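This report refers to the structure that appears directly beneath it.
The values are calculated or read from the model by the stated rules, or taken from the named source; none is laboratory data. For clarity, every value in this text was computed on a predicted model and none was experimentally measured. Quick reminder, even Gly has a Cβ in these numbers, built from the backbone with ideal geometry, and neighbours come from all protein chains shown. Ligands, DNA and RNA are excluded from the accessible area calculation, which covers all protein heavy atoms including side chains. Shrake-Rupley method; radii C 1.70, N 1.55, O 1.52, S 1.80 Å.
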Amino acid sequence: MKVAIVTGSSSGIGYALCNLLSKKGIKVYGISRTISENENVINISGDVTKADDIKKIFASIYEKEGRIDYLINNAGMGISGSVEATSLEDFESIFNVNLKGTFITSKEILPYMRKNNSGKIVNIGSVASEFSIPFQTFYSSSKAAIKAFSEALNNEVSPYGISVCTILPGDVKTNFTKSRKTNENELEAYEKRVSKSIGLMAKDEQNGMDVQYVSKVIYKTINKKRMPIQKTIGFKYKVFIFLKRFLPTKVVNKLVGAIYAFKKER
Ligand SMILES: NC(=O)c1ccc[n+]([C@@H]2O[C@H](COP(=O)([O-])OP(=O)(O)OC[C@H]3O[C@@H](n4cnc5c(N)ncnc54)[C@H](OP(=O)(O)O)[C@@H]3O)[C@@H](O)[C@H]2O)c1
């Protein structure tokens, strides 16, 4: 029986993916800080930013199973607001969960995957890495960093039978919208623009794809003999990314600004 570890398993995409993988006959270990009551999954309480805890959790899973076929780095968080009003603490927390968490779990899984000369690591990025979103600057940056990390890691580990893929979902309806942290002390100069921008983003997310569809695409991707290096989820987002190739960066940036930056009110 194949074995998967999914981080961020207590809600949204991670929760749905755990259920689907389990239905497909994969033994699933889910890791998140709060334990979910998902009976199809072996739920373990863990924080991806804590290297010692992750090391122990992975060691115990490998000792029991003798294999770990898939690692899905899905745990993630968002912050919003102007760069000028972002606290160092919030900056550190988003990079801690989204990038450092992905680094820690990947680093700790690799000895086991190398030992078995096989394994697939899937990192959940975002379309927001392709189109840097104003007032979600650090979310976009952290997801762009994940993409760069995945691409480089793939070349490091492919000689050991391991492959790495970044999944780029577009808007998905989950608790992510509600959990996104906004700047506590937003500056008056930005306040209205931030609120319009985040309001629009929240609306797009809540009208977004459902988690069942997103998990199906992730399952199909990991089930492929050769995973792609990158997989976008959602037809319109695939079209946007395709068109981006033919447009100057300045034009793309202007278009994103026209949607999400909003003009200063006079
Ligand atoms: N929703 C979207 O529109 C969208 C679009 C593109 C990409 N994504 C990405 O998809 C992934 C899943 O997000 P979602 O939409 O399903 O959001 P969600 O419902 O808020 O789920 C986030 C999950 O991450 C876990 N998590 C957060 N910090 C953690 C930590 N330090 N250690 C372990 N687990 C942690 C949360 O569990 P606990 O709080 O219990 O730890 C939760 O299970 C994220 O990486 C997100 O950036 C989402």
**Report entry** Spin-label proximity, Lys181 to the stretch 142-158 - amide N less than 18 Å from point 7 Å beyond Cα toward beta carbon
**Finding:** 142-143
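Once you sort the root eigenvalues of the Cα gyration tensor of the stretch 143-219 as a ≥ b ≥ c, which label holds: rounded (a/c under 1.5), prolate (a/b larger than b/c) or oblate (the other case)? Walk me through the intermediate numbers first.
Working: a/c = 3.90, a/b = 1.77, b/c = 2.21.
It is oblate, given that a/c is not under 1.5 and a/b is not larger than b/c.
Quick one: of Lys100/Lys147; Lys23/Lys178; Lys236/Lys263; Lys2/Lys24; Lys236/Lys264, which pairs are farther than 21 Å apart, Cα to Cα?
Values: Lys100/Lys147 13 Å; Lys23/Lys178 29 Å; Lys236/Lys263 26 Å; Lys2/Lys24 10 Å; Lys236/Lys264 29 Å.
Where the Cα-Cα span goes over 21 Å, the pairs concerned are Lys23/Lys178; Lys236/Lys263; Lys236/Lys264.
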Report task. Scan the stretch 143-229 for GluC sites (Glu not before Pro) in coil per DSSP, keeping those whose Cβ has at most 14 other Cβ atoms within 10 Å, and list them by number. Result -> Glu184
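In debye, nearest 20: dipole of the chain around its Cα centre with unit charges on the Cβ of K, R (+) and D, E (-)? Please report the intermediate quantities before stating the final value.
Numbers: 40 positive and 25 negative charges, 251 e Å.
Charge dipole of the chain: 1200 debye, to the nearest 20.
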Query raised in the report: Per residue, what accessible area does the stretch 3-260 have, given a 1.4 Å probe and all protein chains present, in Å²?
Result: 50 Å²
Query raised in the report: Once Rh for the stretch 3-260 is found with the Kirkwood sum over Cα pairs, what is the Stokes-Einstein diffusion coefficient at 37 °C and 0.692 mPa s, in µm²/s?
Result: 175 µm²/s
Query - Choice from Val252, Val164, Val214 showing the highest fluctuation, given a GNM over the chain with Cα pairs closer than 10 Å - result: Val252
**Report entry** CD proxy at 222 nm, helix term only [per DSSP H run n ≥ 4: -39500 (n - 2.57); per residue of the chain; nearest 500]
**Finding:** -15500 deg cm²/dmol
Requested in this report: For the stretch 176-218, just the Cα set please: Rg and Dmax, both in angstrom.
Outcome: 13.9, 43
**Report entry** the stretch 29-74 and the stretch 91-107: distance between their alpha carbon centers, rounded to Å
**Finding:** 16 Å
Query raised in the report: What dipole magnitude, in Debye to the nearest 20, does the stretch 191-237 give about its Cα centre under +1 on Lys/Arg Cβ and -1 on Asp/Glu Cβ?
Result: 320 debye
Query raised in the report: Relative contact order (percent) for the chain, with alpha-carbon contacts under 8 angstrom and 6 or more residues of separation?
Result: 20 percent
Report task. Sort out for me the Cα centre separation of the stretch 224-249 from the stretch 170-221, rounded to whole Å. Result -> 20 Å
Report summary line: 1/(1 + (r/R0)^6) with r = Cβ-Cβ of Ser118 and Asp52, R0 = 35 Å, i.e. FRET efficiency to nearest 0.05, evaluates to 0.85
